[in-house]
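**Q** Take a look at the following structure, please.
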Amino acid sequence: MNFIHTYNVQNRNRRSLIAMRLTALVLVVTVGLSSVVANAKSAPDSFADLAEKLLPAVVNISTSQTVEGRGGVQIPQLPPGSPFQDFFKDFFEKNRPQERKRSVTSLGSGFIIRNGEYVVTNNHVIQDADEITVILQDNTRLKAELVGRDQKTDLAVLKIKPKEHLPAVKFGNSDKSRVGDWVIAIGNPFGLGGSVTAGIISARGRNIGNGANYTDFIQTDASINRGNSGGPMFNLGGEVVGVNTAIYSPTGGSVGIGFSIPSNTVRTVVNQLIKHGEVKRGWLGVRIQKVTDEIAESLGLKESSGALVADVVAGGPAEKSKIKTGDVVLRFDGKKVKTMRHLPRIVAETDIDKPVKVILWRNKKEISVDVQVGELDEEKIKLASKSGGSGSKKNNVVVDNLGIVLSLATPELKKRFKLDEKTKGVVVTNVERDSAAAEKGLRPGDVIVEVTQEEVSHPAQVLDKVKAAVAAGRKSVLLLLEGQGGLRFVVVKIGKPAKDKKKKG
């Protein structure tokens with residue numbers, strides 16, 4: 001009986017202890033969830049007060065453009081040399097009605113900044129306009145003067161001269177905006193006038209394929225339609241966190257996928273347009289590519305982040321600072337380079353001639369270099385080309401582990417593959433079907449400049465380095481290629497020689 005009593009007491013104590021621990025766990029989870037909920041911003045009961053405050057600072061923009069219009073019947077298309085060609089030409093030109101000029105109008109949105117003197121909008125709203133009119137909330141119409149525009153970010157600044165003080169809005173910090181935050185968009189959809197829509201930030205860092213390397217768009221589900229372009233997107237504090245620019249829509253109407261230029265980008269561009277009338281962008285002088293998981297592994301990086309330097313422009317800031325092909329830019333001026341697309345925006349927004357510190361990954365370790373930022377010149381970008389090595393032997397080499405045949409850059413091969421006369425190095429003359437090289441897009445005419453970040457000048461050097469990688473037990477090899485698209489890094493898996501595959505099969 002004593003044994004049974006002792007067992008029951010112990011069992012009850014154990015159950016009590018478990019219950020206490022479960023209660024404590026529930027309390028911890030509850031407190032944690034309460035903390036998260038407390039930090040999250042809840043939706044207001046109404047957006048009316050905020051909208052009432054912001055609407056006067058949002059304007060409609062009307063533009064007009066004069067275009068030439070042709071009237072009358074067109075000249076019939078006759079076969080070349082027809083005996084009637086001159087007859088019809090003289091007849092229709094003499095009897096054709098005079099060309100008429102007609103005015104084409106378009107509508108968009110914008111918002112007032114800096115004590116009511118300036119208006120921000122999209123470049124595509126005012127592009128090619130002969131006349132720009134800013135229409136206030138009370139329907140007052142003001143003639144606007146174009147201060148400056150920037151095609152790369154699709155932004156423009158207008159100047160107005162109001163008779164009285166106008167309300168203006170301020171920029172917020174778009175970097176602090178989070179996915180799920182409430183936002184409201186105000187604009188002039190379909191020319192209906194000031195309209196307010198609400199939604200959340202659906203995503204950040206969007207690339208919408210418009211060719212711009214200087215903008216990571218904010219995606220929102222707040223309704224944005226034609227005419228909203230150039231209008232502001234506000235946070236709940238009434239600060240501009242984006243400029244509504246584009247929508248994704250199969251029908252032309254809103255389907256809940258709109259894109260805004262982040263306010264931190266807008267602020268930088270607007271300040272320069274007001275100050276200089278144009279945007280002066282920082283320039284590093286490198287051609288870059290994405291750091292894939294394979295490239296990161298081959299370089300000894302823990303994560304596939306940063307921007308891989310595929311080429312260095314001669315005489316540019318990067319070359320002067322000893323940045324080399326194969327370096328990975330990890331941080332620029334104290335800012336982490338999260339992806340390849342991140343670096344051009346960071347550099348572009350850096351002041352010209354500013355000395356900055358750049359953290360690079362080279363030879364499996366971090367190094368630091370000092371760079372003086374240059375000014376972007378589009379012509380300099382076209383100069384980004386480089387050929388590697390020099391050689392004297394004329395020889396063909398089969399690199400069976402990669403599935404390629406290599407040769408020196410002979411005059412015959414340069415002519416055959418339309419290579420530059422100055423090209424030196426190792427030319428890919430054949431790529432085996434279904435090989436590792438073919439899988440990575442190598443093709444005849446590509447020039448191998450480096451293998452494992454070491455320059456090569458002869459096909460035999462490539463073969464030796466691949467053999468060394470096989471002996472070291474590596475699964476892939478890093479190649480620097482020069483092709484029609486310029487320089488690029490490619491990680492090619494090391495396969496078994498074709499003869500071994502046949503034996504095995």
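**Q** Quick one: is Asp175 surrounded by 18 or more Cβ atoms within 10 Å (Cβ to Cβ), modelled with pLDDT under 95 and either among the acidic types (Asp, Glu) or in contact with a Cys (Cβ under 6 Å, 6 or more places away or on another chain) (or both)?
**A** no
**Q** From the list Lys493, Lys465, exactly one residue is touching a residue at least 40 places away in the same chain (Cβ under 8 Å) and either touching an Asp or Glu at 6+ places or on another chain (Cβ under 8 Å) or within 23 Å of Ile323 (Cβ to Cβ) (or both). Which is it?
**A** Lys493
**Q** Can you tell me which residue among Gly334, Gly315, Gly282, Gly277 is over 19 Å from Gln453 (Cβ atoms) and touching a helix residue (DSSP H, G or I) at 6+ places or on another chain (Cβ under 8 Å)?
**A** It is Gly282.
**Q** Which residues, counting only those in the stretch 178-197, are surrounded by fewer than 20 Cβ atoms within 10 Å (Cβ to Cβ), β-branched (Val, Ile, Thr) and free of Cβ contacts under 8 Å to residues at least 60 places away in the same chain?
**A** Val179
**Q** Here is a follow-up. Could you please tell me which pairs satisfy a Cβ distance under 6 Å, a separation of 6+ or placement on different chains, a first residue in the stretch 258-284 that is within 14 Å of Gly230 (Cβ to Cβ), and a second residue that is surrounded by fewer than 22 Cβ atoms within 10 Å (Cβ to Cβ) and aromatic (Phe, Trp, Tyr)?
**A** Listed pairs, sorted by first residue: Ser263/Phe171.
**Q** Only one of these is over 28 Å from Pro262 (Cα atoms) and either at pLDDT 90 or above or surrounded by fewer than 17 Cβ atoms within 10 Å (Cβ to Cβ) (or both): Glu297, Glu303. Name it.
**A** So the residue among Glu297, Glu303 that is over 28 Å from Pro262 (Cα atoms) and either at pLDDT 90 or above or surrounded by fewer than 17 Cβ atoms within 10 Å (Cβ to Cβ) (or both) is Glu297.
**Q** Can you pull out the residues in the stretch 213-270 that are more than 20 Å from the chain's Cα centre (by Cα), modelled with pLDDT under 95 and among the charged types (D, E, K, R)?
**A** Passing the criteria: Asp221, Arg226.
**Q** For Ile200, state whether it is surrounded by fewer than 19 Cβ atoms within 10 Å (Cβ to Cβ), in contact (Cβ under 8 Å) with a residue 24 or more places away in the chain and either within 20 Å of the chain's Cα centre (by Cα) or closer than 20 Å to Ala43 by Cβ (or both).
**A** It is false that Ile200 is surrounded by fewer than 19 Cβ atoms within 10 Å (Cβ to Cβ), in contact (Cβ under 8 Å) with a residue 24 or more places away in the chain and either within 20 Å of the chain's Cα centre (by Cα) or closer than 20 Å to Ala43 by Cβ (or both).
**Q** Further question: Name the single residue that is nearest to Lys493 (Cα to Cα) among those in the stretch 399-436 being in contact with a helix residue (DSSP H, G or I) (Cβ under 8 Å, 6 or more places away or on another chain) and without any contact (Cβ under 8 Å) to a residue 24 or more places away in the chain.
**A** My answer is Val427.
**Q** Identify all residues within the stretch 203-226 that are surrounded by 23 or more Cβ atoms within 10 Å (Cβ to Cβ) and either free of Cβ contacts under 8 Å to residues at least 40 places away in the same chain or in a loop (DSSP other than H, G, I, E, B) (or both); write none if there are none.
**A** Passing the criteria: Thr215, Ala222, Ile224.
**Q** Same structure again: Looking at (1) surrounded by 13 or more Cβ atoms within 10 Å (Cβ to Cβ); (2) on the phi < 0 side of the Ramachandran plot, find the lone condition where Lys354 falls short.
**A** Failing condition for Lys354: (1).
Here's the yes/no breakdown for (1) within 21 Å of the chain's Cα centre (by Cα); (2) in a strand (DSSP E or B); (3) at pLDDT below 90:
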{"position": "Gln289", "(1), (2), (3)": "yes, yes, yes"}
{"position": "Val309", "(1), (2), (3)": "yes, yes, no"}
{"position": "Leu343", "(1), (2), (3)": "yes, no, no"}
{"position": "Val347", "(1), (2), (3)": "yes, no, no"}
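**Q** Oh, and also: If a residue must be farther than 17 Å from Asp181 by Cα and polar (S, T, N, Q), how many such residues does the stretch 41-63 contain?
**A** 3
**Q** Can you pull out every residue in the stretch 159-193 that is of a type in the set (Lys, Arg) and closer than 27 Å to Asn139 by Cβ?
**A** Within the stretch 159-193, Lys159, Lys161, Lys163, Lys170 meet the criteria.
**Q** Show me the strands (runs of 3 or more DSSP E) entirely contained within the stretch 402-505 in which 1 or more residues are in contact with a His (Cβ under 8 Å, 6 or more places away or on another chain).
**A** 404-408, 426-431
The values are calculated or read from the model by the stated rules, or taken from the named source; none is laboratory data. Keep in mind that this is a model prediction, so the values were computed, not measured. Cβ: placed from backbone, ideal geometry, glycine included. Neighbour counts: every protein chain shown.
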